[in-house]
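Below you'll find the structure, written out as structure tokens, and then a few comments.
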Amino acid sequence: MGWCGLGGFYQDGTLNEFRTFPEILASIYGLGLLAVLQLCIEKATQSQSLSEWMTNLPSEVTLQPLNRLAIPGSHDSFTSAITNDSVPSPDGDVYSVVRNLPQNIAGPMLRPWTTTQRLNMIDQLRAGIRYLDLRVAVRFVRNKGDVFYLVHGQYVCPMVDALRPVAEFLREHPQEILLLDCNHCYEFETDKHLTAFEDAVLDVLGQYLYPVQDTVPTLEQLWKSGKQVLFFSCLHCMGSGKFWPGRRMVSLWPNTVHVEEMLQFLDKHYGPQFVQNPNNFYVYQGVLTPTPDYILRNLTGSLRQLAKRAGAEFSRWIQAPDRLAGPHGLNITLMDYVVTDFPDYAENVIYLNYKTWAKNSAMPTFSRVSIDSCDMA
């Protein structure tokens, strides 16, 4: 990339030579061109990438257990891949209503209410998201047998297809830590399903999984171990020791369609009055959840309309002057349409770590992922 430059005319009308910005700055401040170039480079490199925000945290933060950090997450993280051709899945609240409809009617009817993200998971990770919300169902596929699919009212994609880019991100960013939470599982009917599920996850992410511990590790401990993922599962674990019990990921879900009730719920579960188990993680959900009746009464609406209301208020709630991370503060946050609709979300959550643990460290300026370069639904 070359330096932009400026040219112009002297007062007598003669042409002024074309000069680059560093040359102009050098003439203004009386510095050598090399010194100005160095200043420009130093200024540019002060901007940090959100893809490595954990890597660059000050030591005051990296010595804290992960459940004492503020970590941005996304809700139903995989749903950008839903299309009108995505078949209804049995987890959906209105499945009984739409399962007998033709696909060209059911798909477009469901999609506005099942899609919660526009960015795929790897672009979310590049934009700073470190908690991924997963829902898995066993689906019989002709000539393949039982396949583990990500679902949210519609079958989205095979789970392993979504996890492979996650493994790629981990390889590229060896000090970034992810929390993967498989918190809803459907159609798991046999021990064979449980074993096959763990084998599928281990095949893609096994080398990155941090084994279950009684206590919560710090970033420093994770870096020393060479592991990068805590994988939580709501299923009965089959003995590998690498799947954290889902009960240790406590989800604080408002379960309402009203913003005021969502905020009241969040306030009730924040601060000293809400006692947190020091060995659990806590997920603060800034989402509104429509009931089946609400959806049927608002067929021309969408979850995104609710997300805009919920996300705007949740963002303000996160930025409250007294908001902190720590033992009485926020841990994991999640919301719909991260990055695309709320570009400041990840930064605002990350900032709480500096505000709580590293008050003498300057909050970095982050270079954001260009939305134009992302794969969006």
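Quick look at the values:
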read-out	value
Filter result for the condition that a residue is in contact with an Asp or Glu (Cβ under 7 Å, 6 or more places away or on another chain), farther than 23 Å from Leu194 by Cβ and not hydroxyl-bearing (Ser, Thr, Tyr), over Pro290, Pro254, Pro278, Pro272	Pro254
Identity of the residue in the range 222-247, in a helix (DSSP H, G or I) and touching a helix residue (DSSP H, G or I) at 6+ places or on another chain (Cβ under 9 Å), that ends up farthest from Leu132 (Cα to Cα)	Trp223
Residue within the range 348-355 that is at pLDDT below 95, on the phi < 0 side of the Ramachandran plot and surrounded by 14 or more Cβ atoms within 10 Å (Cβ to Cβ) present	no
Segments classed as helices (runs of 4 or more DSSP H), wholly inside the range 91-131, with at least 3 members that are crowded, with 21+ Cβ neighbours inside 10 Å and at pLDDT 90 or above	103-114, 121-126
Only one of Gln221, Gln228 that is more than 30 Å from Phe140 (Cα to Cα), modelled with pLDDT of 95 or more and buried (at least 20 other Cβ atoms within 10 Å of the Cβ)	Gln228
Leu25 being at pLDDT below 95, part of a loop (DSSP other than H, G, I, E, B) and out of contact with any Lys or Arg (no Cβ under 8 Å at 6 or more places or on another chain)	no
Sole exception among (1) touching an Asp or Glu at 6+ places or on another chain (Cβ under 7 Å); (2) under 22 Å from Glu60 (Cβ atoms) for Tyr186, by number	(2)
Set Leu324, Leu334: member being assigned by TED's automatic domain parsing to the domain that holds Leu180, touching a Pro at 6+ places or on another chain (Cβ under 9 Å) and not aromatic (Phe, Trp, Tyr)	Leu334
Residue in the range 283-303 that is free of Cβ contacts under 8 Å to residues at least 40 places away in the same chain, aromatic (Phe, Trp, Tyr) and over 23 Å from Asp181 (Cα atoms) present	yes
Some residue of the range 182-201 being acidic (Asp, Glu), in contact (Cβ under 8 Å) with a residue 12 or more places away in the chain, part of a loop (DSSP other than H, G, I, E, B) and surrounded by fewer than 19 Cβ atoms within 10 Å (Cβ to Cβ)	yes
Scan of the range 151-172 for residues that are in contact with a Leu (Cβ under 8 Å, 6 or more places away or on another chain) and more than 16 Å from Asp199 (Cα to Cα), ordered by number	Gly153, Gln154, Val156, Cys157, Val166, Phe169, Leu170
Matching entry among Val204, Val156 (being of a type in the set (A, V, I, L, M, F, W, C), surrounded by fewer than 20 Cβ atoms within 10 Å (Cβ to Cβ) and either assigned by TED's automatic domain parsing to the domain that holds Asp76 or assigned to a helix (DSSP H, G or I) (or both))	Val204
Residues (in contact (Cβ under 8 Å) with a residue 40 or more places away in the chain and either aliphatic (A, V, I, L, M) or buried (at least 20 other Cβ atoms within 10 Å of the Cβ) (or both)) located in the range 243-281	Phe243, Met249, Val257, Val259, Met262, Leu263, Leu266, Tyr270, Phe281
Any chance Thr356 is in contact with a Leu (Cβ under 6 Å, 6 or more places away or on another chain), more than 23 Å from Val229 (Cβ to Cβ) and among the β-branched types (Val, Ile, Thr)	yes
Check on Leu303, crowded, with 21+ Cβ neighbours inside 10 Å, at pLDDT 95 or above and over 24 Å from Phe78 (Cα atoms)	no
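The values are calculated or read from the model by the stated rules, or taken from the named source; none is laboratory data. Just so it is clear, the model here is predicted, and its values are computed rather than measured. Positions of Cβ are generated from backbone atoms using ideal geometry, with glycine treated the same way; all protein chains shown enter the neighbour counts.
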